[in-house]
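Here, each number is a calculation from the coordinates, and none is a lab measurement. Everything numeric in this text was worked out from a predicted model, so none of it was measured. Cβ: placed from backbone, ideal geometry, glycine included. Neighbour counts: every protein chain shown.
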Amino acid sequence: MTDDILDTISQRFDGYHREVKQRLDKTGGDVTALAERLHALEASNDLLETRISRAGTFGGSHTGGPTLEQRAHVDAFTAWIRNPMDRRATARLIEAETAATGPDEVRLTSGLTGADGGHLIPAPVLANIARRVVNVSPIRQIARVVSVSSTATKFPIDRGGTGSGWVGENGTRTATAEPVLDLRAPTYGTVYGLISATEEILMDAGFDIGEWLADSVATAIAAAEGAAFTTGNGTNRPTGFLNGTPVTTADATRASGVLQYIPGGAASAISSVDGLINLFYSVKAAHRANASWLMNSATAAAVALLKDTTGRALWSPALSESVPPTLLGRPVVVGEDMPAVAANNFPVAFGDFREGYLIVDQGGLRLTLDDNVTSPGIVRWYVRRRVGGCVLNSEAIKVLRVSTT
């Protein structure tokens, strides 16, 4: 009888043990899933904050709204857009430009002709355009964007070498090594576009000039910018971060401005998560904290299907239209100018683009009436901006190469 009781107790204990273990395993899985979801939310929030920051660099204020002078500039600008041949509208616009931006800037833009002339687009309108350009030109979402008055401006980057040491309370502090500084010089070009409308629609009081202008300008220049920031060769345009030939040399000994690549592990495809994981951890922890992935749509589709050895996907889908997907916990930005997956191509980039790539705007967007229009009833404008770009810190961005070595 005693043995039977002991067997019964033992069987029940084993059953309880298995049940408790199963519950604990399930709880652990739930906690892991929740942790991954929280990480994805934090990564998405970082990218949204970056997008808001980029939009603010073009002018205008997030909190204060336009000034009286800026509102007057918008009104005069809108009147001129509706009737650009009216001399009184032109004179009123120049007067409003002077009050809103200063006489020196107006003389620079309105007082000249050809590629150097034109009217400044008002700051509130420019801010609206900027938000749309950021959405179309993905590099502007994540890179460092600054404005300068001269294309001769150079930007220092600290390559390390700053010395340090230990000393007692009353000990002598000896000199340490000086930091190693490189000066990065962006290359520049004028990005431009031609936008057109009919005279009838411009004179229609119900037609939203601001929305039309923002959409048209963003479409005209954003696509060209995106290509230049990615693969531009530096001749009359920015130098893209993929310009040149990335190498396998490590950070400590690689030439400044040259990116490092990580082999993907396959000769002509991205077929394993190993290359992506190696790329992720090749970027220093300080840069990974604010890093983003960059790839085109076709590459993103292939990467999203990959799974690790346990069958778990490393890709987390987008939570909403405004919150991007994540890969290994960091946001994925889709840039259609990234190379396709093919042998020896570099289809995936990963890193802190704010530290790694610099976009420089010289002056604002300028708009000039284009007189070279032969179609009756059509009005066309020439819009342009001087833009530069270059790799700032080549240690902050790494790329994946489709190759085995």
**Complete:** Simple SL model, points at 7 angstrom along Cα→Cβ for Ile201 and Ala252; separation in nm is 6.1 nm
**Request:** May I ask you to sort Lys398, Lys284 by Cβ crowding, counting other Cβ atoms within 10 Å and putting the fewest first?
**Result:** Lys284, Lys398
**Request:** Only Cα pairs under 8 Å and at least 6 apart count here; give the relative contact order of segment 277-405 as a rounded whole percent.
**Result:** 29 percent
**Request:** Return the sequence-ordered ³J(HN,Hα) values of segment 134-142 in whole Hz as given by the Karplus equation 6.51 cos²θ - 1.76 cosθ + 1.60 applied to θ = phi - 60°, using x for Gly and Pro.
**Result:** 4, 5, 7, 9, x, 5, 5, 5, 10
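What's the local net charge at Arg88, with K and R +1, D and E -1, over the other residues with C-beta under 14 Å away? Please report the intermediate quantities before stating the final value.
Details: positive: Arg82, Arg87, Arg92; negative: Asp75, Asp86, Glu95.
Every neighbour counted, the sum reads 0.
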